[in-house]
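To start, the structure under review is shown below, and the notes come after it.
The values are calculated or read from the model by the stated rules, or taken from the named source; none is laboratory data. Note that the coordinates shown come from a computational prediction; the quantities given were computed from them, not determined experimentally. Glycine gets a Cβ as well: all are built from the backbone with ideal geometry, and neighbour counts include every protein chain shown. The protein model used for the area step is the full one, side chains on, heavy atoms only, and it has no ligands, DNA or RNA in it. Shrake-Rupley method; radii C 1.70, N 1.55, O 1.52, S 1.80 Å.
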Amino acid sequence: MASANGKICYIEIPATDIQRSAEFYKKVFGWQLRERGDGATAFDDTIGEVSGTWVLGRPPATEPGLLIYIMVDSVAKTVDSVIASGGEIAQPLCADAREIIARFRDPAGNVIGLYQEPSQAT
């Protein structure tokens, strides 16, 4: 993992059921799951640059405030996977010359964005 001043490196995601949320992100995005030394379930993104965990006792971010976007190869295919895996779409696919995005709610209700490079339209 690159170490650079200012790099986002760790995310805590509110959950109501940690196992359900962990399996959702593993299935939809291919995140690697692991058990931390303290026994908590943690994740690493697909390229090993961002890690994090799911936490109980915090309200889910059900309305966009701070909004995190996950880069995907295909927003359209990922939207289908989100729905099939128990999430729901909060903002349908939006594609224009500048960006290809959508937003979804994970099993806990957190609103997260999807982003696809326009040059990778499929």
Here the residues within the stretch 34-69 that are touching an Asp or Glu at 6+ places or on another chain (Cβ under 8 Å) and among the hydrophobic types (A, V, I, L, M, F, W, C) are A42, V50, W54, V55
Out of the residues in the stretch 1-39 that are touching a helix residue (DSSP H, G or I) at 6+ places or on another chain (Cβ under 8 Å) and among the aliphatic types (A, V, I, L, M), which is most open to solvent (accessible area, probe 1.4 Å)? L33
Those residues of the stretch 85-105 which are more than 15 Å from the chain's Cα centre (by Cα) and open to solvent by 30 Å² or more (accessible area, probe 1.4 Å) amount to P92, L93, C94, A95, D96, A97, R98, E99
Please verify whether I112 is open to solvent by 30 Å² or more (accessible area, probe 1.4 Å) and modelled with pLDDT of 95 or more, treating the condition exactly as stated. no
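Which strands (runs of 3 or more DSSP E) does the stretch 78-122 wholly contain that include 3 or more residues that are without any contact (Cβ under 8 Å) to a residue 12 or more places away in the chain? Spell out the reasoning first.
On the way: elements: 88-95, 100-105, 111-116.
In the stretch 78-122, no matching strands (runs of 3 or more DSSP E) lie anywhere.
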Output the number of the condition that V79 fails; it satisfies all remaining conditions of (1) more than 24 Å from R34 (Cα to Cα); (2) open to solvent by 30 Å² or more (accessible area, probe 1.4 Å). (2)
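Out of contact with any helix residue (DSSP H, G or I) (no Cβ under 7 Å at 6 or more places or on another chain) and at positive phi - does that describe any residue in the stretch 83-90? Working first, answer last.
Quick first cut of the stretch 83-90, residues out of contact with any helix residue (DSSP H, G or I) (no Cβ under 7 Å at 6 or more places or on another chain) only: 83-84, 88, 90.
After this cut, where a residue has to be at positive phi as well, the list is none.
Scanning the stretch 83-90 turns up no residue that is out of contact with any helix residue (DSSP H, G or I) (no Cβ under 7 Å at 6 or more places or on another chain) and at positive phi.
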Any chance you could count how many residues in the stretch 50-64 are over 14 Å from the mean Cα position of the chain (by Cα) and open to solvent by 60 Å² or more (accessible area, probe 1.4 Å)? 5
